[in-house]
Structure formats: structure tokens, C-alpha cells
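Here, each number is a calculation from the coordinates, and none is a lab measurement. What you see is a predicted model, and the numbers here were worked out from it, not measured in a lab. With ideal geometry, Cβ positions are generated from the backbone for all residues, glycine too; neighbour counts draw on all protein chains shown.
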Amino acid sequence: MIAGKKMLTKKQKAGRFLIRWEMLLMYLLIVLNLVLLIMRPDLYLKPGTLASMIQSGLNICPMVLGMSLIMMMGDVDVSCTANMVVCAYATGKLMEGGIPPAIAVPAGLAACIVLGAVNGFLVAYMGMPAVITTIATSLLYRGMVRVALGTNVLRVFPDFYSTVMWEEAAGIPVCMILYLLMAAVFVVILHKSRYGRALYMIGNNATTAEYSGMNVRKIKMITFMIMGFMSGLASIFYIGRLGGGAQSATGNGEEMTVIAITALGGVSAAGGSGGIYGPVIATFIMAVLKYSLSLLGMDDNGRKIFIGIILIVAVIVTSTERGIIDDLKENMRKKRQARYKN
Amino acid sequence: MKKRVLSMLMVMALGAGMLAGCGKSGGNTDNSGKAPGSDNDKNVYAIVDKNTTEWCMKDVHGFTGFCEEVGYSYKDGTVAETSVSAQVQAIDELITEGVAGIAINANGDTGFEQILKKAQEAGIKTCSYDARLAPDQRVTHINQTTNEDAGKYMLRLGVLAALRCEYDENDPDMTATLKKALEEYTGPEIQLGIISAGVDAPVQNAWLVYMEEELAEDMYKGKVNPQMDIKYGNDDVTESGNQASAFLAEDKVDVIICISGAAPQACVSAFEGSDTDIKVTGCGLPSWVVDGMPSADEDYWSKFIPHILLWDLNYMGATAAAVLEAAVEDGFDGSVGSKLTIPAFDRYEERTLEVTECDDGGTEVVIGAPVVFTHENVEEWAKIL
């Protein structure tokens, strides 16, 4: 197999690269932009349209990065948005009490890491299924905020929250710059560290990973804590998008969008495959798709159906051990071999 | 491989069929026929309602129907998901499209600061209806009735139902009837149950404040428990149905006052076949509750909903469109004392409403007192609302 890889020509390598899932997503992103450019050039070329599209879709982006790691292990965290609301609550409440942002924001993030650790402990050390565990903790965390906040609204948040989601630096949305920086860190973590390699191994076969000497429980625990931290960071983006206001129902249901983007990004729900580039591109695809479908006159329900279809296709392609792209590659290889023999 | 391709094709075919069916239903329809942002366009007015339920679509149909009849261009940006975040996105899209004005029925009382600042910077006029925006975010607010009237009327209807007193149209605010009935009442303290929308629903919370204020009146003391049992159904039929079933199972309340659109409909389903003495009232679409109410030839108390109220949702949507047109074309600024003329359309005659001060420091246009439906008029109103 290794020998076979070495024998690949530059052309073959380029061919393989061009049909990678991430590249297919890039094509889709380009096509979406072209469709909007052709159908509504007046709107597409209007200053600020592209920035608006990007800003509209990045309010949950930090959670996509965290979810990518979780799903790579074959798990899922449904409690991420409830966790996000806890962070918003902690930060907002402290700031209402006159605590400066330099303390309130880290305190909110710390609360999220603790809640992530609770998830991690239940999944990794108690052996509970991640889906059930995080559904339960989602109810628990959001319920706690509901009880504590009641019908009140938190309105005191640091000014930089709104800056993150509404301002631009050199014409580029600030949230996009931050997202790409965070993604770069995650790429390094996933591809250049032992921890990243361990995630792939656990996702492929946790038992084998355990027998090969990995501390699977510890790695799971750390990953859920990272997810908690990213949910906390997401509260900055999400509350910023809403101009600095939080209620107990804030972000309700957005966890499904997070999971959907991650799946669309090529992270297999079964674990063991995927990366960071795919979910990052998928975040932009979802932003452009939702926005542009509206500009093209599709109603909100129609958009949901359309996005649902795209997700089902993505899951069919990526969830099996060898997706359609692999099958295509295999068929191409067989045909080449047959031609060579003839 | 073949199975996967086949399943993908099936999903795509199914989706294509569904998309073809939903393109013109509900939100984001427009009659402008052109790109709203282009210079040659007439002004386009947009509406963003809370969600695409039948209740909210009555507002939207009022808005779009009025626009069509008087010749305005419109766009419907109503969201499918009941959240502030979805509405922020919808407003952002409408700003990009360059609409002239946006009427918003807000899903929450916070979260619109930045997006409406952006709209104002783009020269777009915004107003709110039903659930209001902050004073500096709107030209004015269109209220079906004052929050005080809505809250107090619903509470009084609830107490009337508990006392088995019929609504008397000669005593529209019910105070005289209630005072007399409460004076004569010698039974145990009446316990009221409430099914509201969400814990953070601004309109319902405002009503609850006025309901509590009404309960603090002397005539209720010792007769009605001032502590209402409030449950939240998230303005969802299933969730509200669960809360209605919980009330039935607990059997502690004498009457349930539904203060969200989905709640009375949920009660109709939950109470069907039950022989409970609990009565239901509040606010509800006549077409949704007609099955739970007696018909004109039946006894007033023969079914579990004796009376219920509502306002004209169609007219509220139409008023929102009239406010936007007046703000964009005629310089209407929504200041206290200014007048708004709504042209005649459909079955409505021309009407002039005056802008009044709102209890949040802004201004509002109040359409009028709510309409109370009883067995005598519910079937007629069910054809309209």
C-alpha cells in the first residue's frame, strides 16, 4: 500500500487532491457564490453583502471546531449551546454586579470548561453514551439558567462582543479573522500533536486505542473540556451578534446547526475521519447558502428542506467506512489496472 | 455504491418535490417583481413575524393583503424558527435587499440593537407590532390593544368563567358584572392557572404584570388566590398540550387562562373526552377554538371554553404596512399626537388612529379593545380569524 502510494505520479496526486471532500466543498462554495452573482448581481456586488453573509453564519463557529474533535471520537455534544448560555449567564451576571470584563469573561469560560468536564466525566469515566449524557446535561444546564434568570434579560456585556460580530478590519469581518486563527490552532492540534492522532485512533476503534496504551478516558475528558471552552468562546460570538443581550432561551436549537455543519464538513458521525478544513469551509457554505437562498426568494422553510437534503447527502457520503469518493477512486484504479493489463 | 447513489437520488427527488411545494407558502414571498434594491423600484415594505404558525400568518396576510390592495410592494421575511437570532438574520437579508421599511413582531425584547442600528444607518424605517422593540428602534409600535387591557380583560374573563358568570356585552370591560358576582361569592378561593408562551416572551410577561395588578384589587381579596399557577407552553401546541394535561392531572385550578396563541388549541385537544369542571379562556383564534365552544343553540356552559377574546390580527398587519408607508413617504415620525390614516381596504373602512405614549417611554398606535367571542358570535368570527 505504501509502495503503491509512492508510485503515484504528480498528475495522480493532483487528481486525488482535487476530489477530496474539502475540495468538493470549496467547489460548492464557489458555485453558490457564482449562482448568486449571476442571479442577483445588484445585491452580490453591493458593498457589504459578502461581509453580511459571513457575519450572519459565524455566530456559532467556535462550537463547530470543538464539535469536530468530539465527532472525530465518534461522540457528539448536544449540550454545547446550553453550555454557551451558562457562560453568557455567568459573564453577564458578574458584569451586572460591577465585575470588570477582564475577570467576568474568563470566569464564564472557566464555568464552561467545568461543565465540559462534567460531560467528559460522565461519558469517559461513567461509560454513559455521549448522546444521552449531553441531552440530559443540556436540559440540566439550560434549566439552571432558566431558574436563575427567570424572565429576566442580561444586557451588560463587554463592548468587544459586538465588535467581534459587527466590525471589520481592513474590510474583513473581525469574526472571520478570529475564526480562521482559531481554526489554525485546531489544525495544529489535530495534525501535529499526539493528542490529535489519538483522536483519530479512538474514533476508529477505541478498544484498540486502549490496548495500544492510550489513556482513552483522559483524552475523551480533555476533548469534552475543549468543547466546553469553545462553547464559552461561542457565547462571545453569539451574544455579540445579538448586540449584547442574553435570555435563558438564547441559542436554543443551534446545537443542531453545529452538528450539521460539522457533518457537512466531512467529519464522520461514526468517528475516525475528517479534519478541520472541511468544517471551516462548511461553516462558510452554510452561511452563504442560508443567506443567498433567501436573496434568491426561497422562504425559510424551503431553506431548511434544501439544507436538510445537502446534509443527508453529506452524511451518506462520509458516514460509511469508505464513501462514494473512495469507491470512485477504487473504480478508477481498477479501470487503470485493467487498461494496463490489456 | 449503487445503493448509496440510489438513496441520494431519492432524497434529492423528495426534496425537490417539497421545495417546489413550499416556494410560495409562508415566508419570503414578495410581489415586487424586481430586485428591491434597484433604483427604479417602488418602495418595498417587509414584514418579519415571529414564526409561520397560522396565528402569525394572520398578521402577515393582513400586511400583504393590505399592500396588494393599496398597491404597495412587499416582502415577507417571516422566520420558520421562533428565535431572535433567526429574525436578526432575516432583517440582515432585508437590509441587503434594500427594502424601505420593516415591520417586526419581535421574538424577544433584546438582541436587535446592532441589526436595527444597521437598518437605521441604511435609511430603513422600522416599526414593531404585537411584541415591541425598544423605543429608539422603532418609528412607533402597533398594539392590538394596550397590554393593560389585554391582561386585565383575560383575567376578568377567567374569573367570570370560574364564577360561572356569562359575559355581558353591555358591560364590555366586565368590572360591574365581576364586582357583583364576587360580592355574592362565598366559596373557597378561586385558583387560576395560566398557560403562557416562553418564560422570556415579552408580550405575555407584560400581560402577566397587569393580571397581577388586577388581582391586587380589593374586590378579589379573599375570593381569588393572587398566586397564579403559571405554566409555559412555548407557544407550541404539543408543549402547551402537555401543560394543559398537567393542569388536568393536578386538578388544582378552577380555570385556565391561555395567554399564548397555541394554548387554547392545545387545550381543545387535551380536554376532549374529559369530564373536568375546569374551564378554559384567554386569547385564541376563533377558528382554532370553535370545537371547544358551544354553538349558538347550545347552553353557554355546555363546553369547556365559555368565552375567549382576541383582536383583529389582519388589521394589525395592515396597520403596520400603513405605518411604514406613512413613515417613508409622508414623514410620519410616530410622535405623540400625530395621526395615522389607514385607507379603506377589504371589509374595513378608512380609519384614523392617534399615536399615544407607550409605557416603555416610546409611542404606540392602539387599534382598540379586544373582541370577546361567546357561543353567539364564535362561528361567524371563525370564518374570518
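Order of B:Asp173, B:Asp218, A:Asp75, A:Asp300 from fewest to most other C-beta atoms within 10 Å? The partial results should precede the final answer.
Details: B:Asp173 12, B:Asp218 8, A:Asp75 27, A:Asp300 24.
Final ranking by Cβ density, sparse to dense: B:Asp218, B:Asp173, A:Asp300, A:Asp75.
For n ≥ 4 DSSP H runs only, could you compute -39500 (n - 2.57) per run for chain B, divide by its residues and tell me the 222 nm figure to the nearest 500?
Working: 12 runs with 151 residues, N = 385.
Helices in chain B give a 222 nm mean residue ellipticity of -12500 deg cm²/dmol.
What are the lysines whose alpha-carbon lies under 18 Å from the alpha-carbon of B:Lys42, with same-chain residues fewer than 8 places away excluded?
Within reach: B:Lys34, B:Lys75, B:Lys125.
What is the fewest-to-most order of B:Arg156, A:Arg339, B:Arg138, B:Arg164 by other Cβ atoms lying within 10 Å of their Cβ? Don't skip to the answer; put the middle values down first.
Values: B:Arg156 23, A:Arg339 8, B:Arg138 28, B:Arg164 12.
Least crowded to most crowded, the residues run A:Arg339, B:Arg164, B:Arg156, B:Arg138.
Mind giving me the nanometre distance, one decimal, between the label points for A:Asn215 and B:Glu212, set 7 Å out from Cα along Cα→Cβ?
5.1
Return the average number of partner chain Cβ atoms within 10 angstrom of each residue Cβ along peptide A:37-43.
On the way: counts 0, 0, 1, 4, 1, 8, 8.
If you average over the peptide's residues, the count of other-chain Cβ atoms is 3.
Give me the one-decimal nm value for the distance between modelled label points at B:Arg347 and B:Asp136, 7 Å along each residue's Cα-to-Cβ direction.
Those two pseudo-labels are separated by 4.3 nm.
So which of B:Lys179/B:Lys223; B:Lys231/B:Lys279; A:Lys220/A:Lys304; A:Lys10/A:Lys334 end up more than 22 Å apart, counting from Cα to Cα? Display every interim value, and only then the final one.
Working: B:Lys179/B:Lys223 11 Å; B:Lys231/B:Lys279 16 Å; A:Lys220/A:Lys304 32 Å; A:Lys10/A:Lys334 19 Å.
From the list (B:Lys179/B:Lys223; B:Lys231/B:Lys279; A:Lys220/A:Lys304; A:Lys10/A:Lys334), the Cα-Cα distance tops 22 Å for A:Lys220/A:Lys304.
Longer than 28 Å from Cα to Cα, which of A:Lys11/A:Lys46; B:Lys58/B:Lys221; B:Lys50/B:Lys118 are they? Say none if no pair is. List each step's numbers first, then the result.
On the way: A:Lys11/A:Lys46 40 Å; B:Lys58/B:Lys221 39 Å; B:Lys50/B:Lys118 20 Å.
Pairs exceeding the cut-off: A:Lys11/A:Lys46; B:Lys58/B:Lys221.
Please state the charge dipole magnitude for region B:97-138, taken about the Cα centre, from unit charges on C-beta atoms (+1 on K and R, -1 on D and E), reported in debye and rounded to the nearest 20.
Numbers: 5 positive and 6 negative charges, 17 e Å.
Dipole about the Cα centre, nearest 20: 80 debye.
As a test, work out the antiparallel percent of DSSP beta bridges whose residues both lie in the protein assembly as shown, rounded to the nearest 5. Working shown, then result.
Working: 15 of 46 bridges.
Restricted to the protein assembly as shown, the bridges split so that about 35 percent are antiparallel.
What is the fewest-to-most order of B:His375, B:His307, B:His141, A:His191 by other Cβ atoms lying within 10 Å of their Cβ? Before the final figure, lay out each step's value.
Working: B:His375 21, B:His307 24, B:His141 28, A:His191 13.
Final ranking by Cβ density, sparse to dense: A:His191, B:His375, B:His307, B:His141.
Give me P(r) over chain A, computed from all C-alpha to C-alpha distances, binned every 10 Å, as integer percentages.
With 10 Å bins starting at 0, P(r) equals 5, 23, 31, 24, 12, 3, 1, 0, 0.
Calculated FRET efficiency, A:Asn205 and B:Asn242, Cβ-Cβ r, R0 51 Å, to nearest 0.05? Walk me through the numbers on the way to the answer.
On the way: r = 42 Å, r/R0 = 0.82.
Using R0 = 51 Å, I get an efficiency of 0.75.
Positive end of the charge dipole of chain A (Lys, Arg +1 and Asp, Glu -1 on Cβ, about the Cα centre): tell me which of A:Val78, A:Tyr141, A:Thr207 has its Cα farthest that way.
A:Thr207
Give the residues of region B:269-308 whose amide nitrogen is closer than 15 Å to a point set 7 Å from the Cα of B:Val371 in the direction of its Cβ.
B:283-290, B:308
Of the candidates B:Met154, B:Met293, B:Met174, which one comes out as most mobile in a Gaussian network treatment of chain B with C-alpha springs shorter than 10 Å?
B:Met174
Could you work out how far apart the two model spin labels at B:Asp333 and B:Tyr300 are, taking each label as a point 7 Å from the Cα in the direction of the beta carbon, and quote it in nm?
Using points 7 Å along Cα→Cβ, the separation is 5.0 nm.
How far is helix B:54-70 tilted, in degrees, relative to the longest principal axis of the Cα atoms in chain B, given as a value from 0 to 90 rounded to the nearest 10?
50
Can you return the aspartates and glutamates within cross-link range of A:Lys13? Criterion is Cα-Cα under 19 Å, with same-chain partners fewer than 8 residues away left out.
Within the straight-line cut-off, A:Lys13 pairs with A:Glu22, A:Asp326, A:Asp327, A:Glu330.
Separation of region B:168-183 and region B:314-359 by C-alpha centroid, Å?
One Cα centre to the other: 33 Å.
For the charge dipole of the protein assembly as shown, defined by +1 on Lys and Arg C-beta atoms and -1 on Asp and Glu C-beta atoms about the Cα centroid, which residue among A:Leu69, B:Thr177, A:Gln337 has the Cα displaced farthest towards the positive pole?
The one lying farthest along the dipole's positive direction is A:Gln337.
Build a GNM of chain B with springs between Cα atoms under 10 Å: which of B:Gly62, B:Gly261, B:Gly361 gets the top mean-square fluctuation?
Answer for the Gaussian network model of chain B: B:Gly361.
Quick one: helix B:147-162 against the long Cα principal axis of chain B, what's the angle to the nearest 10°, folded into 0 to 90?
Compared with the principal axis, the helix lies near 40 degrees.
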